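Novice: I'd like to ask some things about the structure below.
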Amino acid sequence: MTEIPTPDAPLRIGTRASPLAMAQATMAAAALRAAHGLDPAALVIVPITATGDRIQDRALAELGGKALWTRELDVMLDAGTIDVAVHSLKDVETLRDARFSLAAMLPRADPRDRLVVREGLVAATIADLPTGAKLGTSSPRRAAQVKRLRADLETVLLRGNVATRLAKLAAGEVDATLLAAAGLERLGMHDIGVVQDAALLLPAASQGAIGIECRSDDARVHALVAAVDNAPTHAAVMAERAFLTALGGDCRSPVAAHAHYLNDGALRLDAEIFSVEGADHVAGHALIGDSEAAAALARRLLADAPETVRRLFAP
């Protein structure tokens, strides 16, 4: 029988200290409490400020990539200062240290983007934005997709947590931005922005998914966390991450990938890769029947891609 946490020896849950990250850690704690009938005091949330949250005036790629969101939590998890770490999986490197195990994923929320515009501007889609409008984003994927749809739009760097980006939008620094629908929902911002069609703005790999990691050698904690794993989410997200692994590239490389279930239960992976400005791109899909299917799709897209796209990836 697996030993469960108690108030005297609580499970320590590490998370970034941003409001969204804290909300997600709270969701993970609630799932663990429900699965094991735990006393609320048997779980303790340990927030930290990640490097990526401290430095917000430069693009993520200039600062070291996605490791900026996980570095501090990795150190704490490896040292045993925390027992698990809760992540937004789209912010987690595809290739992870073998010392850590992704033991569970919570049920995935809406993976799509929402378009949010400044006060006084009416626009439900990218097509509705006025000529030359400024759209703020820190995502190479979103920037490339927007430029592909509307070459006249200006994309400018917009970093920070959700509140910071909304404040910059309200201040008129940009006319519009794209935010993850899942994050807005988790923050209770149900009426902010308009959900965009995934056929036009294919989501980022892992968007909307929350992962819970533990140390690979900690069998007790792994068993506790695995009890809250959502198998359909796990399979879909791992297909997206396998695609990214085979594709290569880094956080400068514009790529979208979304796995979803068809009515017959089959898992379909849709994917796109872009040139930096979005003018060139290649798209495709595959049914995921085994671990090789996502990698095969990546190889096929690279083979079909023009040089302007292919040079951004290094499998």
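Novice: Out of 286, 303, report the one residue that is more than 20 Å from the chain's Cα centre (by Cα) and either more than 29 Å from residue 148 (Cβ to Cβ) or surrounded by fewer than 19 Cβ atoms within 10 Å (Cβ to Cβ) (or both).
Specialist: 303
Conditions tested, residue by residue: (1) more than 23 Å from residue 27 (Cα to Cα); (2) in contact (Cβ under 8 Å) with a residue 60 or more places away in the chain; (3) assigned by TED's automatic domain parsing to the domain that holds residue 146.
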{"site": "166", "(1), (2), (3)": "yes, no, yes"}
{"site": "171", "(1), (2), (3)": "yes, no, yes"}
{"site": "187", "(1), (2), (3)": "no, yes, yes"}
{"site": "191", "(1), (2), (3)": "no, no, yes"}
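Novice: Looking only at the stretch 124-172, how many residues end up being out of contact with any Pro (no Cβ under 8 Å at 6 or more places or on another chain) and over 15 Å from residue 275 (Cα atoms)?
Specialist: Number satisfying all stated conditions: 32.
Novice: Return the total of residues in the stretch 128-158 being within 14 Å of residue 117 (Cβ to Cβ) and part of a strand (DSSP E or B).
Specialist: Result for the stretch 128-158: 3.
Novice: Given (1) within 18 Å of residue 111 (Cα to Cα); (2) surrounded by 20 or more Cβ atoms within 10 Å (Cβ to Cβ), identify the lone condition not met by residue 194.
Specialist: The one condition residue 194 does not meet is (2).
Novice: Pick out, from the stretch 1-119, the helices (runs of 4 or more DSSP H) lying fully within it that include 1 or more residues that are among the hydrophobic types (A, V, I, L, M, F, W, C) and modelled with pLDDT of 90 or more.
Specialist: 19-36, 67-79
Novice: Then there's this: Which condition from (1) over 27 Å from residue 236 (Cα atoms); (2) in contact (Cβ under 8 Å) with a residue 60 or more places away in the chain; (3) not hydrophobic (A, V, I, L, M, F, W, C) is the one that residue 99 breaks?
Specialist: (1)
Novice: Conditions: (1) surrounded by 14 or more Cβ atoms within 10 Å (Cβ to Cβ); (2) in contact (Cβ under 8 Å) with a residue 40 or more places away in the chain. Residue 151 meets all but one. Number of the miss?
Specialist: Result: residue 151 passes all but (1).
Novice: How many residues, within the stretch 74-131, are within 21 Å of residue 26 (Cβ to Cβ) and either of a type in the set (Gly, Ala, Ser) or touching a Cys at 6+ places or on another chain (Cβ under 7 Å) (or both)?
Specialist: Selection size over the stretch 74-131: 7.
Novice: Give just the number: which of (1) under 30 Å from residue 151 (Cβ atoms); (2) charged (D, E, K, R); (3) in contact (Cβ under 8 Å) with a residue 60 or more places away in the chain does residue 280 not satisfy?
Specialist: Only one criterion in (1) under 30 Å from residue 151 (Cβ atoms); (2) charged (D, E, K, R); (3) in contact (Cβ under 8 Å) with a residue 60 or more places away in the chain is unmet by residue 280, namely (3).
The values are calculated or read from the model by the stated rules, or taken from the named source; none is laboratory data. Note that this is a predicted model, so its numbers are computed, not measured. Reconstructed Cβ throughout: ideal geometry from the backbone, glycine too, with neighbour counts over all protein chains shown.
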